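The values are calculated or read from the model by the stated rules, or taken from the named source; none is laboratory data. This one's a predicted model, so the numbers in the text were calculated from it and none came from an experiment. Neighbour counts are summed over all protein chains in view; Cβ atoms, including those assigned to glycine, are modelled from backbone coordinates with ideal geometry. SASA here: full protein model, heavy atoms, side chains in, ligands and nucleic acids out. Shrake-Rupley method; radii C 1.70, N 1.55, O 1.52, S 1.80 Å.
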Amino acid sequence: ARDFAADILQQFGAKSLAGTKIYFVSDRSGSKEIWSMDYDGMNQKPLTRYNSTSNMPAVSPDGSLVAFTTYAGGNPQIRIHSIATGRRMPFYNPVSSVVETPEFTPDGKQLLFATAVDGWVQICIANADGSGFRRISNVRAIEVSPKVNPKTGSDMLFISGRSGHQQLWRSTLEGADMQRITPGEGDVSNPAWNPNGKTIAFAWTRGYEPGNFNIFVMDVATQQPVQLTQGVGRNENPWWAPDGVHLVFSSKRGSTTQIYSMLADGSNVRQLTSQGNNLQPVWANGAN
């Protein structure tokens with residue numbers, strides 16, 4: 001039935017989600033581990049078994065590797081696993097009290113992440129094995145969550161506190177041409193690029209429900225935000241599906257946080273998880 005539906009979608013010009021995977025964090029086993037599931041919530045299974053806190057998954061563009069932050073070794077560090085074999089790949093970490101928000105570049109050859117440098121959490125970049133480490137941020141403020149434009153590979157979104165509240169900024173991959181995307185109100189987190197490289201999604205507390213995050217989308221050119229969730233739960237961690245039409249996100253509605261999908265206009269909301277707490281979803285192509 002799923003294959004049949006995918007065939008119909010393709011006939012109408014829509015990109016099929018069949019074969020795509022959602023990677024996420026779940027505490028259902030008693031500790032936070034990285035899990036995967038099919039696009040419709042089927043076949044949920046753990047990828048890590050560190051019995052520690054592992055979170056912030058990122059998937060390589062070809063769908064073959066997952067990077068994440070874990071405390072399994074004591075200090076926080078990024079680890080990379082082969083999705084096919086589960087084998088840990090080499091990655092040289094800086095020794096730091098903070099190593100977080102990993103993100104692959106569109107060519108899969110480098111990894112951006114945030115780490116504490118000179119007392120401030122800054123955005124850095126390294127080769128996919130951790131070599132060639134260099135700093136991109138150089139500011140007395142916290143900067144995290146670098147996300148590279150999948151179309152250009154040369155500009156990125158990130159979250160910065162340099163103007164006070166944490167806001168959404170854009171710059172080149174070298175840290176030049178800084179531009180604040182959000183107007184300075186509330187707190188912004190979790191930026192994500194649409195595969196088209198023109199539209200973004202993010203979570204924002206902007207005044208609608210004080211203290212609660214909601215999901216917004218925005219065309220980068222016009223910078224006009226559109227609110228997709230409202231009136232229900234704390235909604236965070238948006239991520240675009242490979243078709244650029246669907247989004248996945250986490251929402252705390254009641255006592256637990258679960259993962260939901262929806263269309264990019266906020267309609268057709270579907271709950272995908274139900275056991276334990278589930279968050280930080282990343283929607284990725286299946287491994288080639």
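Within the stretch 220-272, the set of residues being open to solvent by 40 Å² or more (accessible area, probe 1.4 Å) and among the β-branched types (Val, Ile, Thr) comprises Thr222, Val226, Val232, Val245, Thr256, Val269.
Looking at Ser261, Ser250, Ser267, just one residue is under 20 Å from Thr53 (Cα atoms) and small (Gly, Ala, Ser), and that residue is Ser250. When the stretch 105-140 is filtered for residues that are open to solvent by 20 Å² or more (accessible area, probe 1.4 Å) and among the small types (Gly, Ala, Ser), the ones remaining, listed by number, are Gly108, Ala116, Gly119, Ala128, Ser131, Gly132. Residue check: Asp118 meets all listed conditions (1) within 19 Å of Gly175 (Cβ to Cβ); (2) touching a residue at least 12 places away in the same chain (Cβ under 8 Å) but one, namely (2). Contact annotation: residue pairs with Cβ atoms under 8 Å, 6 or more positions apart or on different chains, pairing a residue in the stretch 38-60 that is over 25 Å from Val269 (Cβ atoms) and among the hydrophobic types (A, V, I, L, M, F, W, C) with a partner that is open to solvent by less than 60 Å² (accessible area, probe 1.4 Å) and not in a strand (DSSP E or B), are Leu47/Ile83; Leu47/Gly86. Give the residues of the stretch 141-161 that are among the acidic types (Asp, Glu) and either open to solvent by 30 Å² or more (accessible area, probe 1.4 Å) or touching a residue at least 24 places away in the same chain (Cβ under 8 Å) (or both), sorted by residue number. Across the stretch 141-161, the qualifying residue is only Glu143.
Taking the stretch 32-65 as the range and being of a type outside the set (A, V, I, L, M) and more than 20 Å from the chain's Cα centre (by Cα) as the test, the residues that pass are Asn43, Arg49, Tyr50, Asn51, Ser52.
Only a single criterion out of (1) open to solvent by 30 Å² or more (accessible area, probe 1.4 Å); (2) on the phi < 0 side of the Ramachandran plot is not satisfied by Gln280, namely (2). Among all positions in the stretch 121-130, there is at least one residue which is outside any strand (DSSP E or B) and farther than 23 Å from Asn285 by Cα. Of the residues in the stretch 75-85, at least one is among the polar types (S, T, N, Q), part of a strand (DSSP E or B) and out of contact with any Phe, Trp or Tyr (no Cβ under 6 Å at 6 or more places or on another chain).
A search for C-beta distances below 8 Å between a residue of the stretch 9-21 that is over 11 Å from Ala241 (Cβ atoms) and any residue that is at pLDDT 90 or above and not in a loop (DSSP other than H, G, I, E, B), counting only pairs 6+ apart in sequence or on different chains, returns nothing.
Being acidic (Asp, Glu) and in contact with a Lys or Arg (Cβ under 7 Å, 6 or more places away or on another chain) is a description that does not apply to Asp62.
All of (1) buried (at least 16 other Cβ atoms within 10 Å of the Cβ); (2) modelled with pLDDT of 95 or more hold for Leu17 with one exception: (2).
All of (1) touching a helix residue (DSSP H, G or I) at 6+ places or on another chain (Cβ under 9 Å); (2) charged (D, E, K, R); (3) more than 20 Å from Ala284 (Cα to Cα) hold for Asp177 with one exception: (1).
Could you run through the stretch 72-100 and say how many residues are more than 14 Å from Thr48 (Cβ to Cβ), in contact with a Leu (Cβ under 9 Å, 6 or more places away or on another chain) and open to solvent by less than 20 Å² (accessible area, probe 1.4 Å)? Spell out the reasoning first.
To start, the set of residues in the stretch 72-100 that are more than 14 Å from Thr48 (Cβ to Cβ) comprises 74-76, 84, 90-100.
In the following step, the residues that additionally are in contact with a Leu (Cβ under 9 Å, 6 or more places away or on another chain) were identified as 91.
Still in the running and open to solvent by less than 20 Å² (accessible area, probe 1.4 Å): none.
Selection size over the stretch 72-100: 0.
Just one of (1) free of Cβ contacts under 8 Å to residues at least 40 places away in the same chain; (2) closer than 30 Å to Gly86 by Cα; (3) among the small types (Gly, Ala, Ser) fails for Gly231. It is (2). Scanning the stretch 162-189 for residues that are open to solvent by less than 50 Å² (accessible area, probe 1.4 Å), closer than 23 Å to Arg134 by Cα and not β-branched (Val, Ile, Thr) yields a count of 6.
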